[in-house]
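Here's the structure we're looking at; comments come further down.
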Amino acid sequence: MRLVSYGRDTGSEAAVLLGDAIVPVSMLDLPVATMRDLLLRLDPQELRDLARRAERAPERIALADVGLLAPVSDPQKVICLGLNYRDHAEETGQEIPAAPMWFAKFANSISASGSDIVLPAAHSEFVDYEAELALVIGQPARNLDARDALAHVAGAMPFNDVSARDLQLQNPLWTSGKAIDTFAPCGPALVTLDEIDDLQALGLRTRVNGELRQQGTTASLIFGPAELVAWLSRTMTLLPGDVIATGTPAGVGAAQGRFLHAGDTVEVEIDGLGTLVNRVRDE
């Protein structure tokens, strides 16, 4: 199942994506709900039943008639992993981490496929892309074993960990170059785990203006999805709607001296999950 969020006059609503149409959850005998509210409300079996109910729905809304938002527009937490691909650590000249390295973004950075990446006026020269697989938590998670971790994940989606490298490198915690408005585009849809054969067998790539810049596979993750969820759950309680971006492979712009500029189009594609597309513009 593919879940999306779209804009309404009163805010956002979660919907099931069926081809070129959507079925809002309010058409499925549920109250209007954001994606985070939906995940909080439904257990895994109820979430799976939603797809079958959507297929039988008598009405649908054409996708062309709605504006898609980020699948989860209001996560409590956006957790990003650094240096989680060996080839990326090597291209940056840094050591392979002995434990997951993570930093935070916030809801202000979240944006949708089709929206703009906005270059901050004071720090526009060294903005970079990072193609990432992002996990979305579906069930509260605390002190998990890796064997049980994926049962707490609702699904996955493409994510672009946009980074202002000058600001990032001023601060060893990295967040100042990461938690900028529009610097966490994701989507277009949240794909539930029942549609994904193996989270660690997905190709991912970045194109800038059609040129292939990154190409990797989640098989090369140093710390895999289950291990990351379990490890993070031993530090903090993970809640429905929380986003975990799992890191990027080699090929980032900083390693090539090639950064993003106004007018560029960035595509982050992950096998089976879709393509995240964003244009770049000046503030």
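The values are calculated or read from the model by the stated rules, or taken from the named source; none is laboratory data. All of these numbers come straight from a predicted model, not from anything done at the bench. Cβ: placed from backbone, ideal geometry, glycine included. Neighbour counts: every protein chain shown. Each accessible area value is taken on the protein alone, full model and side chains, heavy atoms only, with ligands, DNA and RNA left out. Shrake-Rupley method; radii C 1.70, N 1.55, O 1.52, S 1.80 Å.
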State which residue pairs qualify: first residue assigned to a strand (DSSP E or B) and open to solvent by 10 Å² or more (accessible area, probe 1.4 Å) and inside segment 131-152, second residue modelled with pLDDT under 95 and of a type in the set (A, V, I, L, M, F, W, C) in any location, beta carbons under 7 Å apart, and separation of 6 or more residues or different chains. none
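Would you check which residues across segment 260-278 are crowded, with 17+ Cβ neighbours inside 10 Å and closer than 21 Å to ASP166 by Cβ and list them? First the steps, then the outcome.
Restricting attention to segment 260-278, the residues satisfying the condition of being crowded, with 17+ Cβ neighbours inside 10 Å are 260, 264, 266-270, 273-274, 276-278.
Across segment 260-278, the qualifying residues are LEU260, ASP264, VAL266, ASN278.
Here are GLY155, GLY203: which of them is within 16 Å of ASP271 (Cβ to Cβ), modelled with pLDDT of 95 or more and touching a helix residue (DSSP H, G or I) at 6+ places or on another chain (Cβ under 7 Å)? Write out each step before concluding.
Values: GLY203 fails: touching a helix residue (DSSP H, G or I) at 6+ places or on another chain (Cβ under 7 Å).
Among GLY155, GLY203, only GLY155 is within 16 Å of ASP271 (Cβ to Cβ), modelled with pLDDT of 95 or more and touching a helix residue (DSSP H, G or I) at 6+ places or on another chain (Cβ under 7 Å).
Please go through segment 205-262 and give me each residue that is among the aromatic types (Phe, Trp, Tyr) and either within 19 Å of the chain's Cα centre (by Cα) or closer than 29 Å to SER5 by Cβ (or both), ordered by number. First the steps, then the outcome.
Of all residues in segment 205-262, those among the aromatic types (Phe, Trp, Tyr) come to 223, 231, 259.
PHE223, TRP231 - these are the residues of segment 205-262 that are among the aromatic types (Phe, Trp, Tyr) and either within 19 Å of the chain's Cα centre (by Cα) or closer than 29 Å to SER5 by Cβ (or both).
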Being more than 28 Å from ASN143 (Cα to Cα) and in a helix (DSSP H, G or I) narrows it down to one residue among LEU232, LEU167, LEU204; which is it? LEU167
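Considering only residues that are in a loop (DSSP other than H, G, I, E, B), closer than 30 Å to GLY257 by Cα and open to solvent by less than 30 Å² (accessible area, probe 1.4 Å), which ones fall in segment 75-101? Don't jump to the end; show me each part of the working.
Of the residues in segment 75-101, the ones in a loop (DSSP other than H, G, I, E, B) are 75-77, 83-84, 92-100.
Next cut, closer than 30 Å to GLY257 by Cα only: 83-84, 92-100.
Of everything in segment 75-101, those that are in a loop (DSSP other than H, G, I, E, B), closer than 30 Å to GLY257 by Cα and open to solvent by less than 30 Å² (accessible area, probe 1.4 Å) turn out to be LEU83, ASN84, PRO97, PRO100.
Out of VAL72, VAL118, report the one residue that is in contact with a strand residue (DSSP E or B) (Cβ under 9 Å, 6 or more places away or on another chain), assigned to a strand (DSSP E or B) and under 18 Å from VAL162 (Cα atoms).
Values: VAL72 fails: assigned to a strand (DSSP E or B).
The match here is VAL118.
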In segment 217-259, what residues are of a type in the set (S, T, N, Q), touching a residue at least 60 places away in the same chain (Cβ under 8 Å) and surrounded by fewer than 22 Cβ atoms within 10 Å (Cβ to Cβ)? SER220, SER233, THR237
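Out of ALA104, ALA121, ALA164, ALA156, which single residue is over 24 Å from GLY203 (Cα atoms), touching a residue at least 40 places away in the same chain (Cβ under 8 Å) and open to solvent by less than 10 Å² (accessible area, probe 1.4 Å)? Let's see the steps before the verdict.
Values: ALA104 fails: open to solvent by less than 10 Å² (accessible area, probe 1.4 Å); ALA121 fails: open to solvent by less than 10 Å² (accessible area, probe 1.4 Å); ALA156 fails: over 24 Å from GLY203 (Cα atoms).
After applying the criteria, what remains is ALA164.
Give the residues of segment 38-57 that are open to solvent by less than 70 Å² (accessible area, probe 1.4 Å), part of a helix (DSSP H, G or I) and under 16 Å from VAL4 (Cβ atoms), sorted by residue number. Don't jump to the end; show me each part of the working.
Step one: list which residues in segment 38-57 are open to solvent by less than 70 Å² (accessible area, probe 1.4 Å), which gives 38-39, 42-44, 47, 49-51, 54, 57.
Add one more test, that the residue is part of a helix (DSSP H, G or I), and what stays is 38-39, 44, 47, 49-51, 54.
Correct list: LEU38, LEU39, LEU47, LEU50, ALA51, ALA54.
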Mind telling me which of the residues GLY272, GLY247 ends up being on the phi > 0 side of the Ramachandran plot and in contact with a strand residue (DSSP E or B) (Cβ under 6 Å, 6 or more places away or on another chain)? GLY247
Quick one: in segment 12-37, which of the residues that are surrounded by fewer than 22 Cβ atoms within 10 Å (Cβ to Cβ) and among the acidic types (Asp, Glu) is farthest from ALA112 (Cα to Cα)? ASP29
